[in-house]
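Right, one structure below, let's go through it.
The values are calculated or read from the model by the stated rules, or taken from the named source; none is laboratory data. For clarity, every value in this text was computed on a predicted model and none was experimentally measured. Methodologically, a virtual Cβ is constructed for each residue, glycine included, from the backbone with ideal geometry; neighbour enumeration extends over all protein chains shown.
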Amino acid sequence: MRRPLTVLLLACAALLGVAAPAQAHNVLIASDPKDGARLATGPQKITLTFDQPVRQGFAQISVTGPDGTRWEEGKTTVDGRKVGVAVRPLGPAGRYVAGYRILSSDGHPVAGKVTFTLTAPGPGTASSQGAPRDPASPPDAPATPGLSAQAAEAAQNGGAGMAVLWIAGALVLLGGATVVALRRTGDGGAPR
Amino acid sequence: MTATLERTSASGTAGRLVVGGLVSGALLAVLAATALTAQEAVPGIAVPGPLVEYGLPALRVLLDLAAVAVVGLSLLPRMLGFDDPGRTEPVMRRARPAAVTLAWAWALLALVVIVFQTAQLNPGSIPTPAMIAEYVDSVGAGQGMLFSAACALAYAGIGLLAVRFGEKVPAELRIVIAFFGLLPIPVTGHAVDSVWHDPIMISMELHVMGAAAWTGGLLVIVLLVSGDRELLARTLPRFSRLATLALALVSLSGLVNGLVTMALTPGVELPGALAGTHYGLLVVAKAASVALLIPFAAHIRFRLLPRIAARRGTAVVAWAAAEIAVMGLAYGAAVALTTASMS
């Protein structure tokens, strides 16, 4: 059993190189406005801060008002650990929910919400798209990240090119091993 | 001749029971855990439909089980030994094609999982090839699955050679490829962004390999070897040493992983989070299933093994079937754990 064990350990060591991009679920550590905050005037922007950088694309924040009305404006932006979206001037006083769904750095989507209360009515009115949405309708298109951000992220996790390279390498390795095994078969006498 | 027939039919029924217990235990556990840990709906955010929400973990657990079976079938020649081909060859002749079939199932499941993961990220739309390509291109979890699928396919190729050429194709090669395909899967789960990242990853890989060797080894012994008392008497002691090592490895690395990951996550306080978060509850559930495994394993090891060594009949299949069903539950909880939320 010693030989396979050695090979296994070597395989493990080799794999640690691949294992590097693995990280954890992102956790929301701060938000502006804070969860449960009571505000006299509506915020112009919702900013959520996570413990680790959030992946470009896929991030989505919505702001839902007291009657299911929608108040976010424009697309959700991702800047490192901060995810934000602009908010139109809020309307009626009451409870607002900022819901989010982001792609965690380990590749799993993470969703959650931050609630705040508007104590005095603001000047805004609900937008035309503010009617309670049909849950089956597709979400807003996620923000398109800048080219440089995309490139940085591709460099960070190697991109599919690296994956193809790894697979090709593994196949070459396996093919070589198979050839060696077969040659040994040939030396060891005819199989049948 | 009559004895052979009896043996085959008996192990056939028992086999169906064992496989059924493992698969249904795992599916039951993962679906229950997914239902329990479902994130509450967030207003204004679209979530994937139930097909994706429940289908993805179900496929993931089936993939794990296929990989476990492949690992077990790869370990089988080492456990059987090579000195009595007259007795072991019939068993291996059943094991090799099964390994190839399961490796294909593993590879196909991994590819389907990639499609489901893409759908999970893009709720409300059916994944197109372009979306899948973008997903694999940008997300490490997709690349890990692809790598796993490639290893499974390579295994299928080597397995075919083994079907043709028998044990001339080294068993070690098959073991290594099977484990290699297993390794990228946990990389797509939880880990922590800190100096502890690498030790946790190593511990996680050991955990996965230990669990696969333990479950897979027991599975193939029950399915393929238990009908032959003489062979069982030779094989089980070898597996028993491996299982003891695996038990220690799995429980230790599992505890370390679960607790350290929680301790290092901001805003998570131990020990309260063990009962208060989905992640903590699943860690407790997995620890409980390992605790449940110990009496089964100990019974087989200390009560049944001496009788098996004396070539006497035992109820080892029933005990092992129960142990495997509990392992299935643990696998189900494990898949749910990879996506469970910390808060």
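Some notes on this structure:
- Reported count of residues in the range A:79-89, each being within 13 Å of chain B (Cβ to nearest Cβ), within 12 Å of A:TYR100 (Cα to Cα) and surrounded by fewer than 23 Cβ atoms within 10 Å (Cβ to Cβ), is 0.
- When residues of the range B:288-314 are limited to those that are over 30 Å from B:GLU230 (Cα atoms) and surrounded by fewer than 17 Cβ atoms within 10 Å (Cβ to Cβ), the one farthest from the other protein chains (Cβ to nearest Cβ): B:ALA291
- Tally, over the range A:31-48, of residues that are among the hydroxyl-bearing types (Ser, Thr, Tyr) and either under 18 Å from A:PRO123 (Cβ atoms) or over 24 Å from the mean Cα position of the chain (by Cα) (or both): 1
- Taking the range B:21-66 as the range and being free of Cβ contacts under 8 Å to residues at least 24 places away in the same chain, more than 14 Å from chain A (Cβ to nearest Cβ) and under 19 Å from B:LEU109 (Cα atoms) as the test, only B:TYR54 passes.
So that you can scan it fast, the table gives a plain yes or no per residue for (1) at pLDDT below 85; (2) over 17 Å from B:ALA325 (Cα atoms):
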{"residue": "B:VAL195", "(1), (2)": "yes, yes"}
{"residue": "B:VAL208", "(1), (2)": "no, yes"}
{"residue": "B:LEU218", "(1), (2)": "no, no"}
{"residue": "B:ILE221", "(1), (2)": "no, no"}
{"residue": "B:VAL225", "(1), (2)": "no, yes"}
{"residue": "B:LEU236", "(1), (2)": "no, yes"}
{"residue": "B:ALA248", "(1), (2)": "no, yes"}
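- Residue in the range B:99-121 that is within 8 Å of chain A (Cβ to nearest Cβ), crowded, with 22+ Cβ neighbours inside 10 Å and free of Cβ contacts under 8 Å to residues at least 40 places away in the same chain present: yes
- Test: residue in the range B:68-78 that is at pLDDT 85 or above, farther than 30 Å from B:ILE114 by Cβ, surrounded by fewer than 21 Cβ atoms within 10 Å (Cβ to Cβ) and not aromatic (Phe, Trp, Tyr): yes
- The one condition in (1) more than 14 Å from chain A (Cβ to nearest Cβ); (2) modelled with pLDDT of 85 or more that B:GLY272 fails to fulfil: (2)
- Summed over the range A:37-67, residues that are β-branched (Val, Ile, Thr), in a loop (DSSP other than H, G, I, E, B) and either loosely packed, with under 15 Cβ neighbours inside 10 Å or at pLDDT 85 or above (or both) total 1.
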